[in-house]
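Engineer: Quick one: this structure, given as structure tokens, is what I'll be asking you about.
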Amino acid sequence: MSTISDTSRYWQQWADNVLEGQQLPDAIALEILHSDNESLLPLLQAAYTIRRRFFGRGVWLHVIRSAKSGLCPEDCSYCSQSASASSDITTYPLETVASIVEGAREAQSRQAIRYCIVTSGRMPVEHDLEVICDAVSQIKATMPLQICTSLGMLDAAKVKRLKEAGVDRYNHNLETSAAHYGNICSTHSYADRLRTARMVKDAGMELCSGGLLGMGESLQDRVELASSLRELDTDSVPLNFLHPRQGTQLENLQPMAAPDALRALAMFRFMLPSKELRIAGGRELILGPLQALGLYPANSIFTKGYLTTDGQGFEEDKRMIESAGFHIAEIVDA
């Protein structure tokens, strides 16, 4: 690929191959991640043709509700809520049903299509599960929002109860490749994460599963994560970018460069062409003024903020989306 024109044709040919039903080979996915900055705009344009086929120019908004914060017994090295972290965060027990339902009304007012209820911890205890299920039932009875929950690992009985309460989608990120996972967590295994993800799919619920990039993984690890998510047939892929938090084991890592994050988004779009691809935590820090370019491969974002960090806010997100020529998708488009 000696010229920009050659580069454009090359990436567009692979996009066309994907749109014709060809599965992107891992070797080409790795080539995407190794590509240079001169190739970045042609790569994003090619990824956009795949995004446009399945999602048009709409951007789906999600709002996270951190319904229980901190005090987690797991030792995930990236997480400020982990037992191994000394980060200065606000901790609190599970919110009330009324608070969770009120959060859903706020999400609806921000044009969100999906409300994501998240709790810290290894697995929900009985009381927490009862509160979550009660809140979800009330939300589904009164609002058109789709509901995603992220409560840690599950067993088959808990999956069944969440589904019966009206949960549309369950989030359980793989985070990274199987080979790298042991470097970031020791209190549970990659196999544990896969087990919960597969139970969700087997129960007929949608699966939201993605990763956290920038944890010292190799480019091959990123490709293997995308390949594992493709094998799982995950419905939604949130891509987080590490925001090194003081007090965590990864606090001294350098944040990813914006072009590397954009190449990763493009690679995931090529690998998972019809799946919802969401720019998640770390978006503002890592992409900065290039955030709008992330919408060329990705079709959804979190707005309002994340679990323990603030976002740039709904109004700024709305301006960013519209100024780039995209629009906020309606619930009927989801």
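The values are calculated or read from the model by the stated rules, or taken from the named source; none is laboratory data. On a predicted model such as this, the values are computed, not experimentally measured, just so you know. Heads up, the Cβs are rebuilt from the backbone with ideal geometry, glycines too, and the neighbour counts pull from every protein chain shown. Protein only, heavy atoms only, side chains kept; ligands, DNA and RNA dropped before computing areas. Shrake-Rupley method; radii C 1.70, N 1.55, O 1.52, S 1.80 Å.
Engineer: Here are some residues: 231, 251. Which one is assigned to a helix (DSSP H, G or I) and without any contact (Cβ under 8 Å) to a residue 24 or more places away in the chain?
Structural biologist: Answer to the selection: 231.
Engineer: In addition: Mind counting the residues in segment 191-205 that are open to solvent by 50 Å² or more (accessible area, probe 1.4 Å) and closer than 14 Å to residue 158 by Cα?
Structural biologist: 5
Engineer: Limited to segment 234-248, what total is found for residues that are part of a loop (DSSP other than H, G, I, E, B), open to solvent by less than 20 Å² (accessible area, probe 1.4 Å) and not aliphatic (A, V, I, L, M)?
Structural biologist: 3
Engineer: Another question, then. Got at least one residue in segment 249-267 being open to solvent by 10 Å² or more (accessible area, probe 1.4 Å), more than 24 Å from residue 40 (Cα to Cα) and touching a strand residue (DSSP E or B) at 6+ places or on another chain (Cβ under 9 Å)?
Structural biologist: yes
Engineer: Restricting the first residue to segment 259-286 and requiring it to be touching a residue at least 24 places away in the same chain (Cβ under 8 Å), which pairs with a second residue that is acidic (Asp, Glu) and part of a loop (DSSP other than H, G, I, E, B) meet a Cβ separation below 7 Å and a spacing of at least six or different chains?
Structural biologist: That search, which allows pairs on different chains as well, returns 275/235; 276/235.
Engineer: Mind checking whether some residue in segment 166-180 is in contact with a strand residue (DSSP E or B) (Cβ under 7 Å, 6 or more places away or on another chain), open to solvent by less than 30 Å² (accessible area, probe 1.4 Å) and at positive phi?
Structural biologist: Among the residues of segment 166-180, at least one is in contact with a strand residue (DSSP E or B) (Cβ under 7 Å, 6 or more places away or on another chain), open to solvent by less than 30 Å² (accessible area, probe 1.4 Å) and at positive phi, which makes the answer yes.
Engineer: Also, I was wondering about something else. Looking at (1) of a type in the set (A, V, I, L, M, F, W, C); (2) crowded, with 18+ Cβ neighbours inside 10 Å; (3) assigned to a helix (DSSP H, G or I), find the lone condition where residue 41 falls short.
Structural biologist: Condition (2) is where residue 41 drops out.
Engineer: Inside segment 98-114, can you point out the residues that are of a type in the set (Ser, Thr, Tyr) and modelled with pLDDT of 95 or more?
Structural biologist: Hit for segment 98-114 is 99, nothing else.
Engineer: Next question, about the same structure. So in segment 287-305, with the set limited to residues that are assigned to a helix (DSSP H, G or I) and touching a residue at least 24 places away in the same chain (Cβ under 8 Å), which one is surrounded by the most Cβ atoms within 10 Å (Cβ to Cβ)?
Structural biologist: 294
Engineer: Right, next: Residues in segment 105-153 that are crowded, with 23+ Cβ neighbours inside 10 Å and over 19 Å from the mean Cα position of the chain (by Cα): how many?
Structural biologist: Matching residues across segment 105-153 total 5.
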